[in-house]
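Participant: First the structure, then my questions, so here it is.
The values are calculated or read from the model by the stated rules, or taken from the named source; none is laboratory data. The structure presented is a predicted model; accordingly, all values stated were derived computationally and were not measured. Heads up, the Cβs are rebuilt from the backbone with ideal geometry, glycines too, and the neighbour counts pull from every protein chain shown. Protein only, heavy atoms only, side chains kept; ligands, DNA and RNA dropped before computing areas. Shrake-Rupley method; radii C 1.70, N 1.55, O 1.52, S 1.80 Å.
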Amino acid sequence: MICGMNRLLPRPRTVESRPGSFALPPGSAVAGPAALADAVRLAVPVPDLRPGGPDAAVRVEEDARLGPEAYELEIGDDGVRIRAGDRAGAFYAAQTLLQLLPVDAYRAAALPGVSWTVPYGRVADAPAFSWRGAHLDVARNFLPKREVLRLVDLLAVHKLNRLHLHLADDQGWRVESPAYPLLHEVGSHRPRTIVSHYGEEPVFDEVPHGGYYTLADLAEIAAYARARAVTVVPEIDVPGHASAILAAYPELGVRPGERHRVLDRWGISPAILSPLPAAVAFLTTVFGEIAGAVGDVPYFHIGGDECVLDDWAASPEISAYREELGLETVGDLHAWFLRRLADALAERGSRAVVWDEAFVSGRLRQDTIVMPWRGPQVGRRAAAAGHDVVATPVFPLYFDYAEAASPEEPAGLGDAVTVADVAAFAPAPQDWTAGERARVIGAQFQLWSERIPDGRTLDYRAWPRGCAAAEVVWTGGPAGEDFGPRLKDHLARLDAFGVEYRPLDGPRPWQRGGGWRRHRPGVVVVGDVMRHLDELTHAADSTRPSM
Ligand code: TNX
C-alpha cells in the first residue's frame, strides 16, 4: 500500500507512519495563536476549517526551539497537532497536511462524498535553504495580476518563498510611477512583437502589447504573497536593458536628444542609462515608490546584467565624470553606479540583489546578494568573496528553455532543461569548500517570458520542473530516487488545482505551440550556451585589474 506519508513533495526531513487515520470533515476546528491558526486555515481552504477552542481537531502552537519555517506535524487519536517555529512554519505544516488529505483538497470547493481523512504519523521538517524562489519576467510579456496571484498560490503549495518580479526591461516597463508617469504611460506598451526565431529574417505580429501594475496592484500582490509566506523581490534592471525607460525619458540616456522605442524584438540592446547624478536621483525616487507599495522590502534587485558600455566610453561628459570620481575604466563606473544604488537601498533597509556581471565589475557592498546566472564558476567566486549567493544558472534553472529537444515541444529559448536535470541539481556543490557552500542561501528558477505569452504557457513552463526545483531547495538537493514516484502522485494534486503543467511524457496536442511556434531541434543547445557564458565570465575576469 502506498502510504500518504510517503507521498509528500518536497520530501520532509523525517517522516514516521502509523496505522490508522483521523477524520477531518468540513467544519472541523483549528485552534492556537491567531496568526498561526489563520495561516493553517489559509493553507487548507478545503475542507473548510473553522476557528475553534481547546478541543479543536487541529491544534497549533508556537515552539521557539524550532527554527524559522520549521514545523512538526503529528496526527493521532487526539487529532492534528502542529508545532511551528514561526507563522511560515505553521503555514508549511498546513501545506503538508493538505498533501495528506485526498487530492480533492486541491479543488476550490469541498466536493460531496469525499472521505476527508489524514493518515496517522509524524513529520518533522525544515528547509535546507532560506531562498527558495521563482523569477517571473513580466517585462517581455506582461501577465495580468491574476496570473501573478495564482503563481503565488502555486509557490506556496511547493513551499517556495520568493517571487522575484522582473518589472522592467527593453520590451516594457510594468509598474505605475506617480513621479515619472511616462514610464507607465509610454514605457508599458509596444506596437508589435517579433515572432520569428533567432537568425531568421525578422517577422512581427503587428499586435500591440502592453500592461502594467498600479502601485495598488503591486501592494496587493505583495500582501497576498506575504500572507502565503512568499516575499516579493522587485527588480528594476539597470543601467542596461533600458529602452523602455529611455522611450519615456530620453534625457536619462547618454545622448539626451536621441529617440528610443520600447523594443519589439529580443536580445541584448545597447540602450543604457547615463550614470550621471540625474539617473541616480530618478532611480532612487522610483525605487522608493515601488518599495513603498510593496511594504516590507528586505531585497531589491537592481539587475546589472548584459550592459553594453560603449556609449559610456564614447561620451566625453561621462568620461570626465568618471575621471572626477577617480575611476579608471567604464567597468569601474558600472560598478560604482550599482554601488550607489545599493547604498541608497540600504538606507531604506533593503539589501541589493544583482546578476553576476555586477559582481565581476567589483565594488559591491558586502551584503549584496549575487545571482550567478552564467554558471557555478562565477557563483563560486562570488561565494569565495563572501557574498550570499542564490543559484540561478541557465542550466538547469532557466525554464524558458524547452523541456525536450523534440519537434513536439513548443519553441523555447533553446534545448533542453528536463525535470531530471532540475532534480539532479545541487545548489551548493560538494566540491566547493565548506565556507563557499555556506554562502549559498538558495536557488530559484527563471521564467524569462520571451516565449511565455500567457498563463497557460506559464503553467506549462513552470511545472513540473518547478516541483523538482522545490524538492531541491527544500531538501538541499539533489533529489533521490523516490522523487519520481512522488512527483507522479503530486501531479494529481496539480490536476485537481487546475494546472496545465507539461505531462511527463510530452505535451498534449494543444500544448505544442502550433504553427510558427513549433520547435526545430538544435537551434540553441543549452550546453553550448553555458560553455559560452562560462568563457565570458573568465574573459571578464582575466581582463580585470586585480583588486
Ligand atoms: C539572459 S539572465 C537574460 C535575459 C533573457 C534570458 C533568456 C539575464 C540576467 N539576462 O534578459 O531573457 O537570457 O534566456
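Participant: Hey, does the stretch 402-411 have a residue that's more than 30 Å from Arg456 (Cβ to Cβ) and open to solvent by 10 Å² or more (accessible area, probe 1.4 Å)?
Facilitator: The answer is no, given that none of the residues of the stretch 402-411 is more than 30 Å from Arg456 (Cβ to Cβ) and open to solvent by 10 Å² or more (accessible area, probe 1.4 Å).
Participant: Filter the stretch 265-276 down to the residues that are within 15 Å of the ligand (Cβ to nearest atom) and not β-branched (Val, Ile, Thr) and list them by number.
Facilitator: The answer is Arg265, Trp266, Gly267, Ser269, Pro270, Ala271.
Participant: Is there any pair with a first residue in the stretch 159-183 that is open to solvent by 10 Å² or more (accessible area, probe 1.4 Å) and a second that is assigned to a strand (DSSP E or B) whose Cβ atoms are under 7 Å apart and which are 6 or more apart or on different chains, and what are they?
Facilitator: Partner pairs satisfying both residue conditions: Arg162/Trp131; Arg162/Arg132; Arg162/Gly133; Arg162/Thr231; Arg162/Val233; Arg162/Gln444; Glu176/Tyr213.
Participant: Now a separate question. Any residue at all in the stretch 167-177 that is outside any loop (DSSP other than H, G, I, E, B), touching a Leu at 6+ places or on another chain (Cβ under 9 Å), at pLDDT 95 or above and basic (Lys, Arg)?
Facilitator: no
Participant: Then there is this: Any chance you could count how many residues in the stretch 441-450 are open to solvent by 10 Å² or more (accessible area, probe 1.4 Å) and more than 12 Å from the ligand (Cβ to nearest atom)?
Facilitator: Matching residues across the stretch 441-450 total 1.
Participant: Oh, and also: Hey, could you check the stretch 374-386 for residues that are in contact (Cβ under 8 Å) with a residue 60 or more places away in the chain and surrounded by 24 or more Cβ atoms within 10 Å (Cβ to Cβ) and say which is nearest to the ligand (Cβ to nearest atom)?
Facilitator: Among residues in the stretch 374-386 that are in contact (Cβ under 8 Å) with a residue 60 or more places away in the chain and surrounded by 24 or more Cβ atoms within 10 Å (Cβ to Cβ), the one nearest to the ligand (Cβ to nearest atom) is Arg374.
Participant: Determine if the stretch 16-27 includes at least one residue that is without any contact (Cβ under 8 Å) to a residue 40 or more places away in the chain and either of a type in the set (A, V, I, L, M) or farther than 20 Å from Asp125 by Cα (or both).
Facilitator: Within the stretch 16-27, one or more residues are without any contact (Cβ under 8 Å) to a residue 40 or more places away in the chain and either of a type in the set (A, V, I, L, M) or farther than 20 Å from Asp125 by Cα (or both).
Participant: If you check every pair at least six apart or on different chains, which have Cβ atoms under 8 Å apart with a residue in the stretch 299-315 that is without any contact (Cβ under 8 Å) to a residue 60 or more places away in the chain first and a residue that is within 16 Å of the ligand (Cβ to nearest atom) second?
Facilitator: Leu309/Ile272; Leu309/His334; Asp310/Pro270; Asp311/Pro270; Asp311/Ile272; Trp312/Ile272; Trp312/His334
Participant: Is there any pair with a first residue in the stretch 33-62 that is under 18 Å from Ala88 (Cα atoms) and a second that is at pLDDT below 95 whose Cβ atoms are under 8 Å apart and which are 6 or more apart or on different chains, and what are they?
Facilitator: Taking only residues 6 or more apart or on different chains, the pairs are Glu62/Gly85.
Participant: I'm checking my understanding of the structure. Among residues of the stretch 451-465 that are in a loop (DSSP other than H, G, I, E, B) and of a type in the set (D, E, K, R), which one is most open to solvent (accessible area, probe 1.4 Å)?
Facilitator: Ranking the qualifying residues of the stretch 451-465, first place goes to Asp454.
Participant: Moving to a separate point now. Kindly indicate the residue of the stretch 200-229 that is part of a helix (DSSP H, G or I) and either of a type in the set (D, E, K, R) or within 16 Å of the ligand (Cβ to nearest atom) (or both) and also most open to solvent (accessible area, probe 1.4 Å) among those meeting that condition.
Facilitator: Ranking the qualifying residues of the stretch 200-229, first place goes to Arg226.
Participant: Give the residue, chosen from Leu155, Leu163, that is in a strand (DSSP E or B) and of a type outside the set (Phe, Trp, Tyr).
Facilitator: Of Leu155, Leu163, the one residue that is in a strand (DSSP E or B) and of a type outside the set (Phe, Trp, Tyr) is Leu163.
Participant: Suppose we keep only residues that are part of a loop (DSSP other than H, G, I, E, B) and of a type in the set (Asp, Glu) within the stretch 32-62. Which one would you say is surrounded by the fewest Cβ atoms within 10 Å (Cβ to Cβ)?
Facilitator: Per the stated criteria, the residue is Asp55.
Participant: List pairs: first residue in the stretch 265-284 and over 30 Å from Val195 (Cα atoms) and modelled with pLDDT of 95 or more, second residue hydrophobic (A, V, I, L, M, F, W, C) and within 14 Å of the ligand (Cβ to nearest atom) anywhere in the structure, Cβ distance under 9 angstrom, at least six positions apart or on different chains.
Facilitator: From residues that are over 30 Å from Val195 (Cα atoms) and modelled with pLDDT of 95 or more, the pairs are Ala279/Val238; Leu283/Ile236; Leu283/Val238; Leu283/Ile302.
Participant: Let me ask you something else. Taking the condition touching a strand residue (DSSP E or B) at 6+ places or on another chain (Cβ under 8 Å), of a type in the set (Lys, Arg) and either in contact (Cβ under 8 Å) with a residue 40 or more places away in the chain or within 16 Å of the ligand (Cβ to nearest atom) (or both), does Arg255 pass?
Facilitator: In short, no.
Participant: Among what's in the stretch 241-252 and is out of contact with any Phe, Trp or Tyr (no Cβ under 9 Å at 6 or more places or on another chain) and either in a helix (DSSP H, G or I) or outside the structural domain of Pro144 (by TED's automatic domain parsing) (or both), pick the residue that is nearest to the ligand (Cβ to nearest atom).
Facilitator: The qualifying residue nearest to the ligand (Cβ to nearest atom) is Ser243.
Participant: Ok, one more. Quick check on Asp421: is it within 16 Å of the ligand (Cβ to nearest atom) and either surrounded by fewer than 18 Cβ atoms within 10 Å (Cβ to Cβ) or over 19 Å from the mean Cα position of the chain (by Cα) (or both)?
Facilitator: The answer is yes for Asp421.
Participant: Among what's in the stretch 390-418 and is more than 15 Å from the ligand (Cβ to nearest atom) and among the hydrophobic types (A, V, I, L, M, F, W, C), pick the residue that is modelled with the lowest pLDDT.
Facilitator: Among them, the one singled out is Ala405.
Participant: Also, quick follow-up: Output yes when any residue across the stretch 255-263 is buried (at least 20 other Cβ atoms within 10 Å of the Cβ) and under 15 Å from Arg140 (Cβ atoms), and no when none is.
Facilitator: yes
Participant: Specify which of the listed residues (Val152, Val138, Val238, Val232) is under 30 Å from Ala128 (Cβ atoms), within 16 Å of the ligand (Cβ to nearest atom), assigned by TED's automatic domain parsing to the domain that holds Asp310 and of a type outside the set (S, T, N, Q).
Facilitator: After ruling out the rest, the residue left standing is Val138.
Participant: Here is a further query. Report those strands (runs of 3 or more DSSP E) wholly inside the stretch 291-373 carrying at least 2 residues which are within 16 Å of the ligand (Cβ to nearest atom), within 17 Å of Trp131 (Cβ to Cβ) and open to solvent by 20 Å² or more (accessible area, probe 1.4 Å).
Facilitator: By residue number, no strands (runs of 3 or more DSSP E) qualify.
Participant: Within the stretch 179-194, can you find the residues that are outside any loop (DSSP other than H, G, I, E, B), of a type in the set (A, V, I, L, M) and farther than 13 Å from Leu263 by Cβ?
Facilitator: Result: Leu182, Leu183.
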